[in-house]
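Before I ask anything, let me first share the structure, which is written out below as C-alpha cells.
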Amino acid sequence: MLDTLFIDVILPLPVPNFFTYRVPNELNDDVIIGQRVIVPFGRGGKLYTALVKAKHHTPPKDYQAKYLYVILDNHPIVNEKQLKHWDWIADYYLAYPGDIFNAAIPGALKLSSETKFVINRNTEFNVDDLTDNEYQVHEALTIREVLTLSDVAEILSVKNIHQIIKSLIEKNIIIVVEEINEKYKPKVVQFIRLTPFADNEDNLPSIFDDLSRAKKQLAALMSFVQLSNRYQQITYEVPKLNLQKKANVSSSVINQLVEKNIFEIYDVVVNRLDDYGKEVEDVKSLNEHQTKAYNEIKASFKQHDTTLLHGVTGSGKTEIYIQLIKETIKEGKQVLYLLPEIALTTQLIVRLQKVFGDTVGVYHSKFNENERVEVWNEVLNFNLSANKENKRFQIIMGARSAMFLPYNNLGLIVIDEEHENTFKQFDPSPRYNARDASIVLAKLHKAKVLLGSATPAIETYWNAKENKYGLVELNYRHGKVLLPEILCADIKEATRKKQMKSHFSPLLIENMEEAFKNKEQVILFQNRRGYAPYMICEDCGNVPECNNCDVSLTYYKYTHQLKCHYCGISKNMPSKCLACGSSRISLKGFGTEQIEEELALFFPKIRITRMDADSTKSKNAYQKIINDFEEHQIDVLVGTQMVTKGLDFNNVSLVGILNADNMLKFPDFRAFERAYQMMSQVSGRAGRTKRGKVIIQTYEPYHPIIRQVMDSNYLEMFTDEMQQRKKFNYPPYCRLISFTLKHKDQNKLNIGADEFTNTLKKKFGTRVLGPEYPAVSRVKNYYQKKVLIKIERKISVTKARDLILEVKHHFEAFSNYKSVRISIDVDPY
Ligand SMILES: [Zn+2]
Ligand SMILES: [Zn+2]
C-alpha cells in the first residue's frame with residue numbers, strides 16, 4: 001500500500017497558519033522540504049507559489065486537504081537553517097510566515113496566481129515522444145500561446161495536472177512565465193573560437209592566402225590570435241564583442257569569417273553581476289592598536305558569540321574586519337557583512353573588493369530581480385559544492401535583506417555601524433531588526449558576530465556591560481591623527497549681538513574662509529530638506545497643511561512648490577494666504593536647500609553641492625556626488641543625515657552642524673541618544689589625515705549632549721541615558737511592543753482603539769499606554785492611533801505574545817470595528 005503523504009506549506013499571504021496539502025502518490029519521493037510548489041488556495045482556487053515547510057502523514061483535522069499541483073524545484077531553494085530562522089522571526093516579531101517568505105525570497109522566484117506557461121521555442125523535440133495529455137497541452141499552447149494553470153486543468157479535465165506540467169517543464173517544452181515580474185533570464189554572451197578546419201595548422205597557409213585581400217577579416221583573425229593567447233601555454237576564451245573592439249571591425253566581418261569556416265560562434269551563460277576583473281591586493285597590516293583590538297576580539301570570541309567593537313571614528317575598524325573575514329573564508333566558511341545603507345557605502349565595497357576580488361558579492365533590494373536571483377543562486381550553490389573551490393560570493397555585503405540569503409555555513413557576521421536605525425524594517429511586516437535577527441541567525445550556524453560602532457546603540461552597550469556580549473574598545477585614530485577639535489557656536493548670543501549672517505555664526509563663517517584659503521573641503525549638516533519646513537501667515541497665523549496628512553507642507557524654492565514629506569504630493573506655492581488672503585506670508589525654519597542658496601551668496605566662488613533625499617533620487621546621482629567630492633570638484637557638501645554615514649574623505653578639515661537643537665527636541669525617548677550619534681558621526685568625517693575642526697551651532701551650548709559630543713564622552717552619555725531610561729521605564733529596562741491602529745473614519749478609529757486597548761488592559765494592566773495620536777495623526781488619509789505595551793524583561797516573551805495574539809484575533813473576529821487595521825511592532829525603535 002502506498003503512503004499518503006501531506007506537506008505543510010508557507011503561502012505568500014498574511015495568514016497565521018501553515019496550510020496542509022496532499023501529495024499525489026507518484027510525487028512522494030520527489031517532495032523535499034524547502035522546495036517551491038504550486039498550490040490552489042482560497043475560494044476561487046487561485047494558485048500560489050508556496051514553500052514546503054514540513055512532510056508528514058497526518059491529514060488536517062478541520063478541512064479536506066487539496067492536492068498540490070506542481071513541484072517547481074529539483075532541490076530546495078531554502079534550507080532548514082533558514083526555515084528555523086524564519087520561525088524565530090515569526091515568533092518574536094509576531095509576523096505571519098507568509099510575510100517573511102515574501103520579504104526573504106526575490107520576487108522572481110515567486111510565481112503568483114497568474115502563473116502562465118508558454119512554449120519554449122528553443123527546444124526541438126519529437127511530438128511522438130509526448131503522452132496524450134502532454135500533446136494536448138502542447139497543441140493548445142500552439143494555438144493560444146499562453147495558458148494559465150487553471151486553463152490547463154480545464155483542457156485536460158483531469159484533477160492532477162502536476163505530472164503533466166512537471167514533465168513538460170523538465171523536457172524544456174514549456175516554460176513558466178510570471179506576469180508581474182519579468183521572468184528570470186540567464187544572460188548569454190557570444191564567444192568566438194576557431195573551427196576544426198582553421199585549427200589545423202596544415203590549413204593555415206591557404207587561410208592566410210585567402211584573407212590577404214580581405215584586410216579587415218585578417219585583422220580580426222590576428223586579433224583573435226592575440227586575445228586567445230594562442231600558441232601559448234594558457235589560452236583564453238574570446239568574447240565576440242571584445243574581438244570586434246580589438247580588431248576594430250563590425251559584426252559582419254566576424255560573420256564573414258564564420259561563413260568561410262574559420263570562426264565558430266558559441267554561447268556562454270555568464271553572470272550578470274560584474275566581475276571584479278582586477279588583481280587583488282594584499283591585506284594591509286594592522287597598526288599596534290588595531291592588532292591589540294584584533295587579539296582581544298579573538299579572545300572574546302572564545303567566551304562570547306557576539307562581541308562589540310567600540311572604536312572611535314577613523315580608528316580603522318574596517319581593517320580589523322578584513323583580517324577576521326580573511327581567516328573565516330580560509331576555513332571554507334561564509335561571511336555576511338551587513339551595512340546600514342548600501343548606496344552610502346560603495347567606498348567600503350570597493351575597499352573589500354580590492355582585497356577579496358570576486359569572493360565579495362553584493363546584495364540589496366535595489367538590485368533588479370534577475371540580479372537578486374543570481375546572487376541567491378550563487379549563495380545556494382556555494383552550499384551545494386562539495387569542494388571549497390567555488391569561492392565566488394563567499395563574502396556577502398548587503399543591507400538588511402542580505403540576512404535572508406540561503407547561507408549554509410556562516411562563520412562570521414559583521415554588523416557595521418550597528419547603531420543605525422536602517423537595520424530596522426518598519427513597514428511592511430515583518431517588522432524586524434536585522435542586527436538582532438542576525439545574532440539569532442549566527443547561533444543557528446554556530447557563527448560569531450562582530451558589532452562595530454563608534455557610537456553603539458544604548459541597548460548594545462548595555463548588553464556588553466552586562467557581559468552578554470564581549471566588549472573591545474579602540475580609542476586611537478589610525479595614523480595617529482587626533483580626534484577633531486569640537487567648538488560650540490552660541491546662536492542666542494550671536495543673535496543678540498546681531499552677528500549672525502542669516503543661519504551662519506561668525507565662528508562658522510571664519511572657519512569656512514580659513515578652510516577655503518587652504519584649499520580644504522567642508523561638510524555642512526542640516527537634518528531637514530527642502531527650503532523651509534513650513535510657512536505661516538503673519539496676519540491670521542494659518543499654516544498650509546497637506547490634504548491627506550496632518551503635517552505642514554515643506555517649501556521648495558527651486559520648484560516654487562509646497563511638498564508633503566509623508567505622502568509626496570506637491571502643489572504650487574500660493575501667492576497669498578489661502579485663509580485670509582493676506583500676502584504677508586513668512587517662511588519658518590530652514591532646510592538644506594536654503595543653506596545651499598545662502599552659502600552661494602556669501603561665497604560666490606565656492607563650488608557647493610547638496611546631498612539629500614531630493615538630490616539623490618536618480619540612480620547614479622549619489623555616486624556622482626561622492627566621486628566629485630573625492631576629486632575635489634566640490635568644495636562644500638551640504639546634506640542631511642546622509643552625510644553622517646561612514647564616508648571617508650581625506651581633504652575635509654571642517655564640519656559644521658547648523659542646528660543641533662532640532663535633533664535634541666525630537667519627541668522620542670531616544671532623541672538624545674540619536675542626537676549624540678548623529679553629531680559624533682558627522683564630526684568623525686573631519687580630519688581623517690590631519691586634525692580637523694567641528695563647529696556646532698546651538699541655542700543651548702551647555703546642554704549635556706552637546707558637551708558630551710564635544711568631549712567625545714560616550715560613556716557619560718550612556719550613563720545619563722541609562723538613568724533616564726530606568727527612571728521612566730524605557731528599554732533596555734523593559735521591552736516595548738507598539739500597536740498602530742488605522743482607519744479612514746476618525747470616529748470608528750477612536751471607538752475601535754478604545755475597545756482594543758481596554759481588552760489589552762484586561763490582560764496587561766497598567767503596562768498598557770494609550771491610545772494616543774502620534775505626532776502625525778493622519779497619513780495618506782488614514783487616521784492613526786498608537787498603543788504601547790511596556791513589558792518587564794523577566795516576563796516570558798512567549799506568554800506575552802500568546803496573550804497579544806489572542807486579543808488581536810478576538811478583535812479582528814468579533815469587534816464591530818474590525819475594519820480598523822492593527823499592525824504590531826516589537827522593539828519599535
Ligand atoms: Zn492669513
Ligand atoms: Zn501628505
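Take the solvent-accessible surface of the protein heavy atoms, probe 1.4 Å, and return the percent of it on region 4-68 that carbon and sulfur atoms account for.
C and S atoms contribute 51 percent here.
Given a 1.4 angstrom probe, I'd like the percentage of the accessible area of region 288-478 that is carbon and sulfur, rounded to a whole number.
48
Do any trypsin sites (Lys or Arg not before Pro) in region 1-55 lie in a DSSP loop with no more than 15 other beta carbon atoms within 10 Å, and if so, which?
43
Another question, if that's okay. Give me the accessible area per residue for the chain, probe 1.4 Å, as a whole number in Å².
48
About its Cα centre, how strong a charge dipole does region 5-109 have in debye, to the nearest 20, once Lys and Arg get +1 and Asp and Glu get -1 at the Cβ?
In total the dipole reaches around 240 debye.
Using per-residue counts of other Cβ atoms within 10 Å, averaged over each peptide, order 810-820, 656-666 from highest down.
656-666, 810-820
Looking at 649, 499, 308, which one has the Cα that reaches farthest to the positive end of the dipole of the chain (charges on Cβ: Lys, Arg +1; Asp, Glu -1)?
Of 649, 499, 308, it is 499.
State, to one decimal in nm, how far the label point of residue 284 lies from the label point of residue 733, with both points 7 Å from Cα in the Cβ direction.
It is 4.3 nm.
Using Cβ-Cβ distances only, list the Cys residues of the chain with no partner cysteine under 4.7 Å, sorted by number.
488, 567, 734
Less than 18 Å apart at the alpha-carbon level, and either on another chain or at least 8 residues along: which lysines does that give for residue 492?
501, 588, 665
At 1.4 Å probe size, with no ligands or nucleic acids counted, give the accessible surface of residue 216 in Å², nearest ten.
Answer for residue 216: close to 120 Å² accessible.
Related question: Along the charge dipole of region 401-559, pointing to its positive end and built from +1/-1 on Cβ of Lys, Arg, Asp and Glu, which listed residue (440, 522, 486) has its Cα farthest out?
440
Quick check for me: using +1 on Lys/Arg Cβ and -1 on Asp/Glu Cβ, what's the dipole size of the chain about its Cα centre, in debye to the nearest 20?
The dipole magnitude comes to about 2540 debye.
With the Cα gyration tensor of region 407-446 giving a ≥ b ≥ c as the square roots of its eigenvalues, does the rule (a/c under 1.5 for rounded; else a/b larger than b/c for prolate; else oblate) give rounded, prolate or oblate?
Oblate is the answer for region 407-446, as a/c is 1.5 or above yet b/c matches or exceeds a/b.
Let me ask something else about it. Return the subset of 424/519; 55/742; 333/799; 292/443 for which the Cα-Cα distance in this structure is over 28 Å, preserving the input order.
As for pairs spanning more than 28 Å Cα to Cα, those are 424/519; 55/742; 333/799.
For a test of the definition: using alpha carbon positions, the gyration tensor, and the 1.5 limit on a/c, classify region 580-637 as rounded, prolate or oblate.
Because a/c hits 1.5 or more and a/b fails to exceed b/c, region 580-637 counts as oblate.
Another one. Taking all pairs of different Cα atoms in the chain, averaging 1/r and flipping that mean, what Kirkwood radius in angstroms comes out?
31.0
Per the 1.4 Å probe, what fraction of the accessible area of region 187-270, in percent, lies on carbon and sulfur atoms?
Within region 187-270, the accessible surface is 50 percent carbon and sulfur.
Oh, and also: Taking the dipole about the Cα centre of region 307-426, with the C-beta of Lys and Arg at +1 and of Asp and Glu at -1, give me whichever of 348, 335, 405 is farthest to the positive side.
335
Still on this structure: In deg cm²/dmol, rounded to 500, what helix-only [θ] at 222 nm does the chain give when every DSSP H run of at least 4 residues adds -39500 (n - 2.57) and the total is split over its residues?
Counting only the DSSP helices, I get -10500 deg cm²/dmol.
In debye, nearest 20: dipole of region 598-673 around its Cα centre with unit charges on the Cβ of K, R (+) and D, E (-)?
Magnitude of the dipole: close to 200 debye.
The values are calculated or read from the model by the stated rules, or taken from the named source; none is laboratory data. For clarity, every value in this text was computed on a predicted model and none was experimentally measured. FYI the Cβ positions are ideal-geometry reconstructions off the backbone, even for glycines, and counts take in every protein chain you see. Areas reflect the complete protein model, heavy atoms only, side chains present, ligands, DNA and RNA absent. Shrake-Rupley method; radii C 1.70, N 1.55, O 1.52, S 1.80 Å.
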